[in-house]
There are 2 protein chains.
Amino acid sequence: MKSMKKLNTTTISGMQELLPASQATFNQLKRGISSVFYRHGYQNIETPTIDRTEILLAKAGGDTEKQIYKVIKTAESADSADQALRFDHTVPLARYVVEHENDLAFPFKVSQIGRNFRGERAQKGRFREFYQCDIDIIGRESLPLAYDADIIATLAEALSVFQLPAIRIRLSNRQLLSGLLAELNLNHISADIFNIVDHAEKVPPATTKQRLLDLNISEDHIATLHDFMQINGPDTIERLRALQISNAIFQQGINALEQVFTSLKNQNVSVVPDMLIVRGLDYYTGTVFETFVPGYENLGSICSGGRYDQLASHYTDQHFPGVGGSIGLTRLYAVLSEAGLLSDSTEPPITIAIVPISASEIPYANQVAAELREQNPNYAIDVILTDKKLGAKLSHAVKIAKFGVIIGESEVKTGNLQIKNFATGQTSSL
Amino acid sequence: MKSMKKLNTTTISGMQELLPASQATFNQLKRGISSVFYRHGYQNIETPTIDRTEILLAKAGGDTEKQIYKVIKTAESADSADQALRFDHTVPLARYVVEHENDLAFPFKVSQIGRNFRGERAQKGRFREFYQCDIDIIGRESLPLAYDADIIATLAEALSVFQLPAIRIRLSNRQLLSGLLAELNLNHISADIFNIVDHAEKVPPATTKQRLLDLNISEDHIATLHDFMQINGPDTIERLRALQISNAIFQQGINALEQVFTSLKNQNVSVVPDMLIVRGLDYYTGTVFETFVPGYENLGSICSGGRYDQLASHYTDQHFPGVGGSIGLTRLYAVLSEAGLLSDSTEPPITIAIVPISASEIPYANQVAAELREQNPNYAIDVILTDKKLGAKLSHAVKIAKFGVIIGESEVKTGNLQIKNFATGQTSSL
């Protein structure tokens, strides 16, 4: 029978909606990430999905403001037009820390796993509603660089749940480019230059050069910036020192990069220093990192973050330096599935289906199910309660379950139960 | 130092935001409920938070329409004004089933645990954003009443995670009042009468009577309705039969109630038939139930649901009868905490804090932490990386962790580690 739809039942563009088998895969990844965060000492919190627009946009502005979803209560639109959906976990976290500072122990190691919202133009791999798995560490007054390494080491371990062939974590520190621009007296256009460097890999080299020329930067300085952008790999620290830039911020950047790099090396976390990594969001103030899958660089960064020493400054005069990072789970799940790097289990979801032959065996079937659940807390046990013929019940059982137990009059009488492995056809006593 | 806030950092009224220890309790309850759902054969799905307004309001209307949160993208308000936040899990599930019917096995036993949104007037125990933990079973063409019992038995087991002193599940079937009203020729005002019965416990008896009088119902019929509303307890079926109402819908209601009641009794799930239970939402068509905590009836129903045989009919001409129920976790957590029926763990969140005395012991401390995590997958292990004095590091460790391991020069040299139980002061070799 062909069904007739009365309304459009597809999801809104940019929303991910999974079938149960895919949802099970997704949930397993989410649990795996959550477990790594827990084991590394990050405490979980959740902030509301809806927050005050002035809080969400205190720092952001620009693109974020255009992408934010405002929410309006139908009944009282005037009162609520100043509310919006959070677009990341970092901004609400800054508010959380300011609000609850007296109830938290600092450094506060915190994880957040939940849905965020951006009204971006829908395109492949871009979602308007998406899970992010964040960890952050917030200090009181100060926060040593050792915590930057803690964030990256923990995220690297969390990414192991995806069983990727390899990952490549690219690391830098924004103080390097900031210091260089100060040295070159280009401070006044630093936001533009950060943006050009951030996009340099996505456009031909000539375009990057033209963009710099458009800013009226001299050929000499463009050459210096070009050389800087080429620096990456294990000898990065030496090459940065060889530039002989005396600016103090630049020198701090070298030392910070070296410290984080060395700490990660000591923890057997492989990272590659790379001056092309600057991160678009301008709340980052130091360490920045992005993560790629070698051979699948077109997927974009699958995990990124950095140091933000000023974020809470829009809400309070207290100083709460922070560092954090995020795995974009919804996007990552989608792109890895499509790239064939992830696949759903082909096993049926239910462990054992109990199949009463007729309604009179349902009470005993329920009793057997309850006992099996008690004995095996990790089993999913279902009782097929349809009033169909045995054949129809069995074909449903085979579709949803790995094992089956048929219960008829004689099973109720004797209590002798046979369990069948649907995949192999083998039967044994239960 | 007194801190100065620059913006209001409280949450919006009606939002729940928990400190980490409370969030841990909340998460544990959520995981416990999720596990019961899984073990009873319910597959998990998630629908988008944002859906088309026409889908969300296809059936609802009335109060729901007033409470719904619309969402608007700042950049393109015209295109997106027809989108809103889901207010429950049942309506998006109906859409999901219609959209994916060819990829699902029916009866489809499904769980949903997530946040829903209602712009209700904020009041104690009412949240605008709240977690609901739902299970539903959707049939294709038909769905036997045995599944109604499966929903209630599973929810009763899920509620055991709260370790309540007792719970009281009150059960009825809307066909009873529907059939009675048909018998009394009061069909035309049945929505009003359902509403009056639904509120009968919250107002004095005289008010209920007056409301019925206001509908121009005769004293005779009011007496009949009054007698009907008094029926509850183990002899409900006999008392309903004694009313000798021949209406076929009423008789179906008796048989359905008896079957669900008996099935639950067979599964040792204690329920009380009670004619005052009719549920406000008019998508219910048969079985209805609500759950109370004896002695804490003022908390309201903590878990409720019922049979809805027509919900998907607004989206398709196919027939998908369903039954389901929901635990309102956010509200339940709040009211049980306040009633003293739930309390957070007083144990610190971290299992073991590793405390390197100076920066030079950090690499070894990280190594010890990694080994401990490897050996004990359920431990939360933190390394205190602050650059403070040992005393300050230790007082932070005591605040956040159950056990501590101090690592100085000699520990690095010898590898002999002592672990201290902060609660007892006892120390032993690691």
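The values are calculated or read from the model by the stated rules, or taken from the named source; none is laboratory data. Predicted model, so just to flag it, every value in this text is computed and none were measured. Glycine gets a Cβ as well: all are built from the backbone with ideal geometry, and neighbour counts include every protein chain shown. For the accessible areas, the whole protein counts, side chains as well, though only heavy atoms, and no ligand, DNA or RNA atoms are used. Shrake-Rupley method; radii C 1.70, N 1.55, O 1.52, S 1.80 Å.
Among the residues of this structure, residue B:233 does not count as one that is under 19 Å from the mean Cα position of the chain (by Cα) and small (Gly, Ala, Ser). Against the test of being basic (Lys, Arg), more than 12 Å from every other protein chain (Cβ to nearest Cβ), touching a residue at least 60 places away in the same chain (Cβ under 8 Å) and under 30 Å from residue A:105 (Cα atoms), the options A:307, A:331 yield a single qualifying residue, A:307.
Residues that are touching a residue at least 24 places away in the same chain (Cβ under 8 Å) and of a type in the set (A, V, I, L, M) were ranked within region B:216-242; the one that is farthest from residue B:260 (Cα to Cα) is B:217. Among the residues making up region A:223-246, those that are part of a helix (DSSP H, G or I) and aliphatic (A, V, I, L, M) are A:223, A:225, A:229, A:237, A:240, A:242. Out of (1) in contact with a strand residue (DSSP E or B) (Cβ under 8 Å, 6 or more places away or on another chain); (2) surrounded by fewer than 21 Cβ atoms within 10 Å (Cβ to Cβ); (3) within 30 Å of residue A:313 (Cα to Cα), the odd one out for residue A:273 is which? Going through (1) in contact with a strand residue (DSSP E or B) (Cβ under 8 Å, 6 or more places away or on another chain); (2) surrounded by fewer than 21 Cβ atoms within 10 Å (Cβ to Cβ); (3) within 30 Å of residue A:313 (Cα to Cα) one by one, residue A:273 breaks only (2).
Filter region A:17-66 down to residues that are acidic (Asp, Glu) and facing chain B (nearest Cβ under 9 Å) and give me whichever is nearest to residue A:154 (Cα to Cα). So that I can check it myself, show each step before the final result.
Of all residues in region A:17-66, those acidic (Asp, Glu) come to A:17, A:46, A:51, A:54, A:63, A:65.
Next cut, facing chain B (nearest Cβ under 9 Å) only: A:17, A:46, A:51, A:54, A:65.
Working: A:17: 28, A:46: 20, A:51: 29, A:54: 32, A:65: 31 Å.
Among those that are acidic (Asp, Glu) and facing chain B (nearest Cβ under 9 Å), it is A:46.
Residue-level check: of (1) of a type in the set (S, T, N, Q); (2) in contact with a His (Cβ under 8 Å, 6 or more places away or on another chain); (3) surrounded by fewer than 14 Cβ atoms within 10 Å (Cβ to Cβ), residue A:386 misses just (3).
Restricting attention to region A:355-377, which residues are more than 20 Å from residue A:413 (Cβ to Cβ) and free of Cβ contacts under 8 Å to residues at least 12 places away in the same chain? Walk me through it before giving the result.
Taking region A:355-377 and keeping what is more than 20 Å from residue A:413 (Cβ to Cβ), we get A:373-377.
Listed by number, the residues that qualify are A:373, A:374, A:375, A:377.
Is it the case, given these coordinates, that residue B:58 is small (Gly, Ala, Ser), modelled with pLDDT under 95 and touching a helix residue (DSSP H, G or I) at 6+ places or on another chain (Cβ under 7 Å)? Before the answer, list the steps.
On the way: small (Gly, Ala, Ser): yes; modelled with pLDDT under 95: yes; touching a helix residue (DSSP H, G or I) at 6+ places or on another chain (Cβ under 7 Å): yes.
Answer is yes for this residue.
Of the residues making up region B:185-213, those that are surrounded by fewer than 18 Cβ atoms within 10 Å (Cβ to Cβ) and outside any helix (DSSP H, G or I) number 3. In region B:1-16, the residue that is least open to solvent (accessible area, probe 1.4 Å) out of those that are among the basic types (Lys, Arg) and facing chain A (nearest Cβ under 7 Å) is B:5. If only residues of region B:139-172 that are small (Gly, Ala, Ser) and part of a loop (DSSP other than H, G, I, E, B) are counted, the one that is most open to solvent (accessible area, probe 1.4 Å) is B:166. Inside region B:377-389, residues that are within 18 Å of residue A:34 (Cβ to Cβ) and either more than 9 Å from chain A (Cβ to nearest Cβ) or among the polar types (S, T, N, Q) (or both) make up a count of 1. Among the residues of region B:291-338, the ones that are of a type in the set (Gly, Ala, Ser), open to solvent by less than 10 Å² (accessible area, probe 1.4 Å), under 14 Å from the mean Cα position of the chain (by Cα) and at pLDDT below 95 come to 0 in all. If a residue must be open to solvent by less than 30 Å² (accessible area, probe 1.4 Å), at pLDDT 95 or above and not in a strand (DSSP E or B), how many such residues does region B:102-128 contain? Count: 3.
Kindly establish whether residue B:369 is surrounded by 20 or more Cβ atoms within 10 Å (Cβ to Cβ), within 11 Å of another protein chain (Cβ to nearest Cβ) and touching a Lys or Arg at 6+ places or on another chain (Cβ under 7 Å). Considered against the rule, which asks whether it is surrounded by 20 or more Cβ atoms within 10 Å (Cβ to Cβ), within 11 Å of another protein chain (Cβ to nearest Cβ) and touching a Lys or Arg at 6+ places or on another chain (Cβ under 7 Å), residue B:369 comes out as no.
With the condition kept exactly as written, say whether any residue in region A:219-237 is of a type in the set (A, V, I, L, M, F, W, C) and in contact with a strand residue (DSSP E or B) (Cβ under 9 Å, 6 or more places away or on another chain). Checking region A:219-237: at least one residue is of a type in the set (A, V, I, L, M, F, W, C) and in contact with a strand residue (DSSP E or B) (Cβ under 9 Å, 6 or more places away or on another chain).
Report, by residue number, each residue of region B:367-402 that is touching a Leu at 6+ places or on another chain (Cβ under 9 Å) and farther than 16 Å from residue A:109 by Cα. Selection gives B:368, B:372.
Taking region A:339-363 as the region of interest, how many residues are open to solvent by 40 Å² or more (accessible area, probe 1.4 Å) and either in contact with a Gly (Cβ under 9 Å, 6 or more places away or on another chain) or under 12 Å from residue B:40 (Cα atoms) (or both)? Matching residues across region A:339-363 total 3. Only one of the listed residues (B:361, B:338, B:374) is away from chain A (no Cβ under 12 Å) and among the charged types (D, E, K, R). That residue is B:338.
Entry remark, region A:392-408: residues being outside any strand (DSSP E or B) and either aliphatic (A, V, I, L, M) or open to solvent by 50 Å² or more (accessible area, probe 1.4 Å) (or both) number 7 in total.
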